[in-house]
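*Asks:* Just passing along the structure, written as structure tokens.
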């Protein structure tokens, strides 16, 4: 899901389809997920589509918090693990 999240977040933010190919590291993770699906007797394409749907749902649920995290990263340029967790646990203030 992590390999899918970045590109799906860009798509969600821009409201446009992606215009570039996935990175090698993203492809490696997706190929690994497909191999796990095949080992379990599942159709790889269907498995990846389910992962993408779950990832997109999680992004939508936490979207305001993720935007708040992005804003904070732009301001501070660096955040600790506890700072990220605190930001993701608290609602984003209304603009």
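What follows is calculated from the coordinates using simple rules that are stated; it is not laboratory data. Quick caveat, the model's predicted, so the values are computed rather than measured. Note: ideal-geometry Cβ built from the backbone for every residue, glycine included; neighbour counts use all protein chains shown.
*Asks:* Just rank 2, 58, fewest to most, by other beta-carbon atoms within 10 angstrom. Don't skip to the answer; put the middle values down first.
*Replies:* Details: 2 9, 58 14.
By the 10 Å Cβ count, ascending: 2, 58.
*Asks:* Sorting 36, 12 on the 10 Å Cβ count, fewest up front, what's the list? Spell out each step's value before the answer.
*Replies:* Numbers: 36 12, 12 15.
Arranged by neighbour count, lowest to highest, 36, 12 become 36, 12.
*Asks:* State, to one decimal in nm, how far the label point of residue 73 lies from the label point of residue 36, with both points 7 Å from Cα in the Cβ direction.
*Replies:* Rounded to a tenth, the inter-label distance reads 2.2 nm.
*Asks:* Residue separation times 0.36 nm, minus the C-alpha to C-alpha distance between residue 83 and residue 16: what's the value?
*Replies:* Working: separation 67, 0.36 × 67 = 24.12 nm, distance 3.06 nm.
Stretched fully, the residue 83-residue 16 segment lengthens by 21.1 nm.
*Asks:* When log10 I(q)/I(0) by the Debye sum over Cα atoms at q = 0.19 Å⁻¹ is calculated directly from the model, which label among (1) -1.00; (2) -0.83; (3) -1.11 fits?
*Replies:* (1)
*Asks:* Taking the beta-carbon count within 10 Å as an exposure proxy, list 31, 61 from fewest neighbours to most. Please list the in-between numbers first.
*Replies:* Numbers: 31 13, 61 10.
Fewest-to-most ranking of 31, 61: 61, 31.
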